[in-house]
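S.K.: The structure under discussion is supplied below as structure tokens; questions concerning it will follow.
Derivation of every value follows stated rules applied to the coordinates shown; laboratory data play no part. The structure presented is a predicted model; accordingly, all values stated were derived computationally and were not measured. With ideal geometry, Cβ positions are generated from the backbone for all residues, glycine too; neighbour counts draw on all protein chains shown.
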Protein chains: 2
Amino acid sequence: MTGTTQDDYTDRYARRVRGMTTSEIRALFAVASRPEVVSLAGGSPYIAALPLDAVGEMLGDLAARQGATSLQYGIGQGTIELRERICEVMTLSGINNASPDDVVVTVGGQQALDLLARLFLDPGDVVLAEGPTYVGALGVFQAAQAQVRHVAMDDDGLIPAALEEAIAATAREGRQAKFLYTIPTFQNPAGVTLSEERREQVLDICERAGLLVVEDDPYGMLSFEGDAPLPLRARRKEGVFYCSTFSKTFAPGLRVGWILAPHAVREKLVMMSEANVLCPSAFAQGAVTQYLTTMPWREQIKVYREIYRERRDALLGALHDLMPAGTTWTRPSGGLFVWTTLPDGLDSKAMMPRAIAARVAYVPGTGFYADGTGRGNMRLNFSFSAPDRLREGVRRLSGVMEQELAMRAVFGGAGLQPGHQRRRGPAAADAPGPDLA
Amino acid sequence: MTGTTQDDYTDRYARRVRGMTTSEIRALFAVASRPEVVSLAGGSPYIAALPLDAVGEMLGDLAARQGATSLQYGIGQGTIELRERICEVMTLSGINNASPDDVVVTVGGQQALDLLARLFLDPGDVVLAEGPTYVGALGVFQAAQAQVRHVAMDDDGLIPAALEEAIAATAREGRQAKFLYTIPTFQNPAGVTLSEERREQVLDICERAGLLVVEDDPYGMLSFEGDAPLPLRARRKEGVFYCSTFSKTFAPGLRVGWILAPHAVREKLVMMSEANVLCPSAFAQGAVTQYLTTMPWREQIKVYREIYRERRDALLGALHDLMPAGTTWTRPSGGLFVWTTLPDGLDSKAMMPRAIAARVAYVPGTGFYADGTGRGNMRLNFSFSAPDRLREGVRRLSGVMEQELAMRAVFGGAGLQPGHQRRRGPAAADAPGPDLA
């Protein structure tokens, strides 16, 4: 006996836990990491492109020469050395007025979102977010017992009129959303980017409505076609909370991200973070600081860009050549993801077991909505697999889709979703594990 | 202009933020890290005792040879390799029936406590905890908007009759505490250990009352006089959540801790952790796994024990030789801390600025209570400073105390606490930063 599977603790849980259930989808994803499966499901950078020997030497030195500090506790806000480097990194994105004093180092971009949620959200509070949006943000908002209201996008990102309508609809209930959560650049999962013109419109709308903006920008530096538009935070200093991470420009295994916050709020965030993790890892912070100080990190970002551009082209080419008629997809100019809309009648969630059996994995669209929609969509990742693997993955996927469509032509829609039930649980129940987020 | 100091966001914060204010004490602690100050305030292990060259080589290899996984995302629960090693580590403490499947790897021991709080605590819920208790746990409970009720200790740890009375008092209000938070072994800050006999009594009381137990055991392996008593979790499998960390047996700068939880609860904890930090650092986990696999970690713990025993003896000797009459203190048989009770009339919080001016730092007792008591106490750390520095610190501290007592003899109590106000804020407001927790 190593454990009981019966949950004797159910009636003791906090309210935020109710409805949190693991889904069958998660079990399927466990299979997706097998080498024979082409995974289009993850959000993993291509770490093999790093100069691992040089990184190893750097990290060895960090322990051997600076171990007395790099292996010790640090302060909650993060080291001043790293916060200074972070301000330099942000200038590359066009954020030129950031003070290291207003930066809070976090355990990856995820903790940044969680700290902001803890700072602002009471149970029942409303958050506006793009639909679809980052699965990990939905997990944060669910844990905060907040209500997510999705705002529609098109190829130019968030639609300003839809944002105004969402604000108005909330106001008609006598409520006000606490903030807009947005990934304006190379959005996860949609792969679209908020246009220059709309950036100003969105900021104006939020300012008029007194709506704070949480700008999540993990991918902004991974542009394939010139520089990305200026971040929202580069356009407005007040009211915008800027979050980013070194997970996509260096390495996710160190878990180092940050928030750039208005000064008064920064102190609260530090106290929140201390209550959560005491302090971010001194070693991980030292690793990033050394990397930014001693290694050609700007060139490495260019390496990532080149690799991902080639892979995006391979994925888009394969989709064009192999996908069944009626399938559409976005054409990202940066980042890691393509968002696909299936032909009428196909269900990305119901199709998952058959895709896994055909040795290809993706994330069903349902994971990216708080309201159960997204069955007609799937997210495809192109950063992790080589071009020929991507093409093979699309070939397998289109085979599964053709089969589904053929069955549908013969039997109608009914036979396609055995045991299928309309989902009732919260969105996170459909979410993949973190290696796929 | 790099930031505004005015807090325009006050009316937007979540309820949990209200009352969270930084205290003047925190500013003083910033000074405490200067080399001319003897800090008895921290909780830092003596990292210089690690074989840093060998650790550096190990970490360099981890990046160079296993970088494709150790620098990548991982799963939310933590790697199976580390969870298996953790189960081996726990056997040393007498926990022999743990399954790696029931272990959740966390960002240090702090995240372990925070995850349990998020799992169980709704606003207003009651938690029982020793008085005094770990400052970081108070921060967690405050962020969870819980009410902490302290249970008294003596030299044998938590007093069973006091625990029964606290349970009864809560029941008289028609309420039930969600759990007992306890550090039974080498308690922080009190330095006392729950006796063998009382361990069974406390467990029986909790079982009868249907009270869960959160057992925090960061120090159990740092015993100076034979092995510590068996952990509570080694005595009862159900109803006990066991938390520990590698911060005191290896290095806090990696931020690796864990929870051993009943199986059903473990799944919820993993989902909570994913919403918080996505996954623990793969690199930090790899570092601990390699350390436990390839390096003499049991011998290193013995090294730490020897060093800390010598330092404890030095601190106790200095207290005996130098402290003013009327001062008393605990005599820890392991861990990092001595808890001191000041002569009548001295106020550890009010005395802090003068102590810092005399180049010695400690943590006032108020940081370890949720209810504002503790002015008559201070916590002294003996793990970080060498024996002669400890003695010098006590010499400076006793000088400050003698001065205070002399002033008190001349002017009475009134002049001692200029501008002093009874504190009203929550406990965390008096808490030191994480480097001192």
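S.K.: If neighbour count is taken as other Cβ atoms inside 10 Å, put A:238, B:130 in order from fewest to most. Spell out each step's value before the answer.
M.R.: Values: A:238 11, B:130 28.
If I rank by nearby Cβ atoms, fewest first, I get A:238, B:130.
S.K.: Relative contact order of chain B: what whole-number percent is it, with Cα pairs under 8 angstrom and at least 6 residues apart? Kindly include the intermediate steps, with their values, before the conclusion.
M.R.: On the way: 812 pairs, mean separation 109.2, N = 437.
Normalised by residue count, the contact order of chain B is 25 percent.
S.K.: Placing the label point 7 Å from Cα along the Cα-to-Cβ direction, what are the distances from residue A:386 to the equivalent spots in the other copies, shortest first, in nm to one decimal?
M.R.: Relative to the other copies, residue A:386 has label-point distances of 5.6 nm.
S.K.: Follow-up. Any idea which of A:277, A:194, A:132 is furthest toward the positive side of the dipole for region A:52-294, if Lys and Arg beta-carbons carry +1 and Asp and Glu beta-carbons -1?
M.R.: Result: A:277.
S.K.: Another one. For region B:162-201 and region B:8-78, compute the distance between their C-alpha centroids and round to whole Å.
M.R.: Taking the Cα centre of region B:8-78 as reference, the centre of region B:162-201 is 29 Å away.
S.K.: Expressed in whole Å with the largest first, what are the equivalent ellipsoid semi-axes of region A:220-329 derived from the C-alpha gyration tensor as the square root of 5 times each eigenvalue? The partial results should precede the final answer.
M.R.: Values: eigenvalues 224, 76, 46 Å².
So the three semi-axes of region A:220-329 are 33, 19, 15 Å.
S.K.: Another one. So, in Å, what gap is there between the alpha-carbon centers of region A:205-256 and region B:305-351?
M.R.: Cα centroid of region A:205-256 versus Cα centroid of region B:305-351: 50 Å apart.
S.K.: Here's a follow-up. Run the dipole for region B:52-294 about the Cα centre, Lys and Arg Cβ at +1, Asp and Glu Cβ at -1, nothing else charged, and hand back the magnitude in debye, nearest 20.
M.R.: Working: 19 positive and 31 negative charges, 125 e Å.
With Lys and Arg at +1 and Asp and Glu at -1, about 600 debye.
S.K.: Can you check what the Kirkwood hydrodynamic radius comes to for region A:52-294, Cα pairs only, in Å to one decimal? Write down the numbers at each step before the final one.
M.R.: Details: mean 1/r = 0.0543 Å⁻¹.
When all Cα pairs of region A:52-294 are included, the Kirkwood radius is 18.4 Å.
S.K.: Still on this structure, I have one more. State, to one decimal in nm and shortest first, how far the label point of residue A:295 sits from each corresponding label point in the other identical copies (label point: 7 angstrom along Cα-to-Cβ).
M.R.: Residue A:295 label point versus its equivalents elsewhere: 2.0 nm.
S.K.: Given 10 Å bins starting at zero, what is the percent of C-alpha pairs of chain A in each, up to the one with the largest pair distance?
M.R.: 4, 21, 30, 27, 14, 3, 0
S.K.: Please report, in debye to the nearest 20, how large the charge dipole of the protein assembly as shown is about its Cα centre when each Lys and Arg carries +1 at its beta carbon and each Asp and Glu carries -1 there.
M.R.: Working: 90 positive and 100 negative charges, 128 e Å.
Computed charge dipole of the protein assembly as shown: roughly 620 debye.
S.K.: Oh, and also: Which of the listed residues, B:45, B:106, B:352, is farthest toward the dipole's positive end in chain B, when Lys, Arg count +1 and Asp, Glu count -1 at the beta-carbon?
M.R.: Working it through, the farthest residue towards the positive pole turns out to be B:352.
S.K.: For residue B:18, place a label point 7 Å from Cα along the Cα-to-Cβ direction in every copy; what are the distances to the other copies, in nm, shortest first?
M.R.: 2.4
S.K.: Take the cross-link list B:178/B:349; A:178/A:237; A:178/A:268; B:237/B:268; A:178/B:178 and give me the ones stretching past 22 Å between alpha-carbons.
M.R.: Values: B:178/B:349 31 Å; A:178/A:237 18 Å; A:178/A:268 17 Å; B:237/B:268 18 Å; A:178/B:178 30 Å.
Flagged as over cut-off: B:178/B:349; A:178/B:178.
S.K.: If you plug each phi of region B:176-193 into the Karplus form 6.51 cos²θ - 1.76 cosθ + 1.60 with θ = phi - 60°, what whole-Hz ³J(HN,Hα) values come out, in order, with x for Gly and Pro?
M.R.: 9, 5, 6, 7, 9, 9, 9, 10, x, 10, 6, 4, 9, x, 6, x, 9, 10
S.K.: Please get the size of the charge dipole for chain A, origin at its Cα centre, with Cβ charges of +1 on Lys and Arg and -1 on Asp and Glu, quoted in debye to the nearest 20.
M.R.: Working: 45 positive and 50 negative charges, 171 e Å.
The calculated dipole for chain A is roughly 820 debye.
S.K.: Tell me, for the rotation carrying A onto B, which chain A residue has the beta-carbon closest to the axis and what that distance is in whole Å.
M.R.: Closest to the axis: A:60, 1.
S.K.: Arranged from highest to lowest average of other beta-carbon atoms within 10 Å per residue, in what order do the peptides A:382-390, A:210-218 appear?
M.R.: Values: A:382-390: 19.3, A:210-218: 22.1.
Result, highest mean first: A:210-218, A:382-390.
S.K.: Moving on to the next point. Excluding residue A:162 itself, what net charge comes from residues whose Cβ is under 10 Å from its Cβ, given Lys and Arg +1 and Asp and Glu -1? Walk me through the numbers before you get to the answer.
M.R.: Working: positive: none; negative: A:130, A:154, A:164, A:165.
Charge balance in the 10 Å sphere: -4.
S.K.: Then there's this: Take the Cα radius of gyration of region A:92-159 and divide it by 2.2 N^0.38 Å, with N its residue count; two decimals is plenty. Show your work: numbers first, answer last.
M.R.: Working: Rg = 14.2 Å, N = 68, 2.2 N^0.38 = 10.9 Å.
Relative to the rule-of-thumb radius for its length, region A:92-159 sits at 1.30.
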